[in-house]
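Following: one structure in structure tokens, then a few remarks.
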Amino acid sequence: MTTVNRCLDAAKACNVDDVCQKLRTEYVSTCIKPSTKSGLCNRSRCNKALRRFFDRVPPEYTHELLFCPCSDMACSERRRQTIVPSCSYEGEDKPSCLSQMRICKADYVCRSRLAQFQYDCQPEEQSATGCKQGNYAACLIAYTGLIGSPITPNYVDNSTSDVSPWCSCSASGNLRDQCSEFLDYFTNNVCLRNALLTFGNGMDFTPTPTRLQRLSPVTDRGPQRTTVFVTMETEQNALSPAKPTQDSKVRLWSDSTASFDTQQNSARAFAAASLPVWICMFLSFSLRCDQ
């Protein structure tokens, strides 16, 4: 039986699209090109090219390359190598996550994208999806927004779907809790994990209450509750007086017209039935006057 390599298929699809192929070739060549002085790659240029690729190429291509489902190590390794981690991700030693976070927060773009990621991928154990916002697609888009930044995440190996920035909390001292809270958003986040594992299975969507009832979470968290997502429009409708729709206006108008016609018909019938009585009364009165 032939094994389907979704990551290889994603690469082929990207090569067919002019923009995807051009920008992918650009970042790969930039990230693997050694510097003439040090012999190492230029990480700054590599990250810049990566950001251009993920910002300008539609998710239908970038997400297939980055989140393609894998069932063997060859596929997983191709997926892990998508962002050329030897240049954009890895280093000799892992720096402190706190220092990486400080660098990120000092940059407006990185700071805003980190905040977006923490919002869209906020975990919620009681949610059927594991996400407080209930939107896998938004979580994955926010995740890709961090690639090419000082806290670029990637797959940690080719045997799992675990992801993490290239940093550690081992030397965080009395700020260990703060460091772990940041790192756990990648390494111990049920929302992000579910979004990654369900990609390509028809479940990377914005769930509706009906879909949530059919959704089986990828982790066993015991009894589950269905989360109902209330839109702003729904909330406004609930707080404002009900307004008749066009159909209800037509229905109200036709009902009132029918009622008016019925009243007219009843009046005509009454007049026709009482006419002989009036004639008899008139003749009787006339005869009395003649006498």
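Charges at C-beta only: +1 for Lys and Arg, -1 for Asp and Glu. How large is the resulting dipole of the range 66-114 about its Cα centre, in Debye rounded to 20? If you can, show how the numbers build up before the last one.
Numbers: 8 positive and 6 negative charges, 64 e Å.
Roughly 300 debye, rounded to the nearest 20.
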Next item on the list: Quote the charge dipole size of the range 82-155 about the Cα centre in Debye, to the nearest 20; the model charges only the Cβ of Lys and Arg (+1) and of Asp and Glu (-1).
Entry: 240
Margin query: Residue by residue through the range 99-105, what is 3J(HN,Hα) from phi via Karplus (6.51 cos²θ - 1.76 cosθ + 1.60, θ = phi - 60°)? Round to whole Hz and write x for glycine and proline.
Written below: 5, 5, 5, 5, 4, 5, 6
Margin query: Can you list residues from other chains, or at least 5 along the same chain, whose modelled amide H is less than 5 Å from the amide H of C131?
Written below: E124
Check: Can you list the residues, at least 5 places off or on another chain, whose amide H is less than 5 Å from the amide H of S96, using H built in the peptide plane?
Finding: S168
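Where the accessible area of the range 66-171 is counted over protein heavy atoms with a 1.4 Å probe, how much of it, in %, is carbon and sulfur?
On the way: 2210 of 4450 Å².
Of all accessible area on the range 66-171, carbon and sulfur atoms account for 50 percent.
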Checklist line | Calculated on alpha-carbon atoms, Rg and Dmax of the range 1-154 in Å | finding: 16.5, 54
Check: Using bins 5 angstrom wide from zero, how does P(r) for the range 92-194 break down, in % of all Cα pairs?
Finding: 2, 13, 22, 25, 20, 12, 4, 0, 0
Notebook entry, point to check: Taking H as built 1.01 Å from N, whose amide H comes closer than 5 Å to the amide H of N154, not counting residues under 5 places away?
Noted result: S164
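About its Cα centre, what dipole magnitude does the range 76-199 give when the only charges are +1 on Lys and Arg Cβ and -1 on Asp and Glu Cβ, stated in debye to the nearest 20?
Details: 11 positive and 13 negative charges, 56 e Å.
So the dipole magnitude of the range 76-199 works out to roughly 260 debye.
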Notebook entry, point to check: Just from the alpha-carbon atoms, what are the Rg and Dmax of the range 48-139 in angstroms?
Noted result: 15.5, 40
Next item on the list: Among F54, L65, T30, flag the residue with its Cα farthest along the positive direction of the charge dipole of the range 25-77, charges on Cβ as +1 for Lys/Arg and -1 for Asp/Glu.
Entry: T30
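The values are calculated or read from the model by the stated rules, or taken from the named source; none is laboratory data. Quick caveat, the model's predicted, so the values are computed rather than measured. Glycine also receives a Cβ, built like all others from the backbone with ideal geometry; neighbour counts cover every protein chain displayed. SASA here: full protein model, heavy atoms, side chains in, ligands and nucleic acids out. Shrake-Rupley method; radii C 1.70, N 1.55, O 1.52, S 1.80 Å.
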